[in-house]
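What follows draws every value from the coordinates through simple rules; no lab data is involved. This one's a predicted model, so the numbers in the text were calculated from it and none came from an experiment. Positions of Cβ are generated from backbone atoms using ideal geometry, with glycine treated the same way; all protein chains shown enter the neighbour counts.
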Amino acid sequence: MTTALITHDDCLDHLTPRGHPEQVARLVRILEVLESRELKRVKAPMVAEDDLLRAHPATYVARIRAAAPVEGRAQLDADTWMSPGSLDAAHRAAGGAVRAVDLVLAGEADNAFVAARPPGHHAERETPMGFCIFGNVAVAAKHALEHHGLSRVAVVDFDVHHGNGTQDLLEDEPRALFISSHQFPLWPGTGTADETGPHGTILNLPLAPGAGSADFRRAYEEKVFPRIADFCPDLILVSAGFDAHRADPLAELRLETGDFAWVTERLCDLAEAHCGGRLVSCLEGGYDLDALAASVAVHVDVLIARAAG
């Protein structure tokens, strides 16, 4: 079979201020490094209204649409911005995540990587924050549960920042397991181990500044992989942030490029064991361009190899 790459040129039109870490160059570099890979290339559609409204109330969606500028830029919070192209980009990012779920569940791809921006894992029900506007992965998880009727969906977030938005959007859903490994303390200041959610379906793994490969791998071997196996999901979704890399300028974890290949392999093992290999990965953070490109390359190479195998 094949690995799907879902993206859209509209995601290049989300323009942040000069010097902002979540910049167009991130996606440009990713698409360059993936250009030579054999992938099923799919254009991300606009997210359907019903999918968006499963995650965010209509008042929030209307507020975001009203905030979109015709020219210049609009500031949604301290570090989240919109330009004239941002609204379409945000709709494509969420729609791309949903499309990836549809492709994988229909058997048209074994797995998928969504290369889109803005990212989504910090967007809460009614709050844009941390470069994020809509909760892309949470939207995809709810689509899998409600539209496709899956019984259980697991979301794994290895971005260096806690996925507070995804947690906020999914913690009331007993059919969704959300796992986040992240540096702590670090912005946004959430994600302590005692945050388990009303149904016990939240697992947070705070890692101390300076933690490296051994700490990361130990946490996943001891806590993440057994928890996923116990949950026995019908689909695994990945919030793939690569800013835990040692070269990243926004945090202080010390992962190597190879760690992202390792965790991808292990998540694919779990997907094969429990849900027919069905795994969808969506881009989140990663702000050193060289480290980001190298990490995405090994991540996607594992997906390709597993689809071919």
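Under a point spin-label approximation (7 Å from Cα along Cα-to-Cβ), what is the ARG125-GLU265 distance to one decimal in nm?
Here the answer is 4.2 nm between the modelled labels.
Using the Cα centre as the reference, give the magnitude of the dipole from point charges on the C-beta atoms of region 3-308 (Lys, Arg: +1; Asp, Glu: -1; all else neutral), rounded to the nearest 20 debye. List each step's numbers first, then the result.
Numbers: 27 positive and 45 negative charges, 61 e Å.
That gives a dipole near 300 debye.
Determine, from the Cβ-Cβ distance of ALA66 and SER151 and an R0 of 30 Å, the FRET efficiency 1/(1 + (r/R0)^6), rounded to the nearest 0.05. Spell out each step's value before the answer.
Details: r = 38 Å, r/R0 = 1.25.
E(calc), rounded to 0.05, equals 0.20.
If the cut-off is a Cα-Cα distance under 16 Å, which aspartates and glutamates reach LYS223, setting aside same-chain residues fewer than 8 apart in sequence?
Partners within reach: ASP157, ASP194, GLU195, ASP215, ASP269.
In region 7-63, which GluC sites (Glu not before Pro) fall in coil by DSSP and have 11 or fewer other Cβ atoms within 10 Å?
Working: sites: GLU22, GLU32, GLU35, GLU38, GLU49; in loops: GLU22, GLU35, GLU38.
Qualifying residues, ordered by number: GLU35, GLU38.
Hey, rough spin-label estimate for ALA214 and ALA74, points 7 angstrom out along Cα→Cβ, what's it come to in nanometres?
5.0
Quick one: what does P(r) look like for the chain with 20 Å bins over all Cα pairs, in whole %?
Pair shares across the bins are 38, 60, 2.
Given a Förster radius of 41 Å and the C-beta distance between ALA308 and ASP50 as r, what FRET efficiency does 1/(1 + (r/R0)^6) yield to the nearest 0.05?
0.75
Determine the percent antiparallel among the DSSP beta bridges restricted to the chain, to the nearest 5.
10
What's the extension gain from ASP172 to MET1 if we count 0.36 nm per residue and subtract their Cα-Cα distance?
Working: separation 171, 0.36 × 171 = 61.56 nm, distance 3.51 nm.
Length gained, ASP172 through MET1: 58.1 nm.
At 222 nm, what helix-only mean residue ellipticity would the chain give, in deg cm²/dmol to the nearest 500, using -39500 (n - 2.57) for each DSSP H run of four or more? Mind showing how you got there, number by number?
Details: 10 runs with 119 residues, N = 309.
The helix-only estimate for the chain comes to -12000 deg cm²/dmol at 222 nm.
Run the numbers for GLU195 and SER36: contour at 0.36 nm per residue of separation, minus the present Cα-Cα distance, in nm.
Details: separation 159, 0.36 × 159 = 57.24 nm, distance 4.20 nm.
Full extension of this stretch gives 53.0 nm more.
If R0 is 30 Å, what FRET efficiency do you get for GLU252 and ASP301 from their C-beta distance, rounded to 0.05?
0.65
Cross-link candidates for LYS43: which aspartates and glutamates have Cα within less than 14 Å, leaving aside residues fewer than 8 places away along the same chain?
Straight-line reach from LYS43, under 14 Å: ASP9, ASP10, ASP88, ASP102.
According to a simple spin-label model (label point 7 Å from Cα along Cα-to-Cβ), what is the distance in nm between ALA58 and LYS223?
Taking the two extended label points, one gets 4.1 nm.
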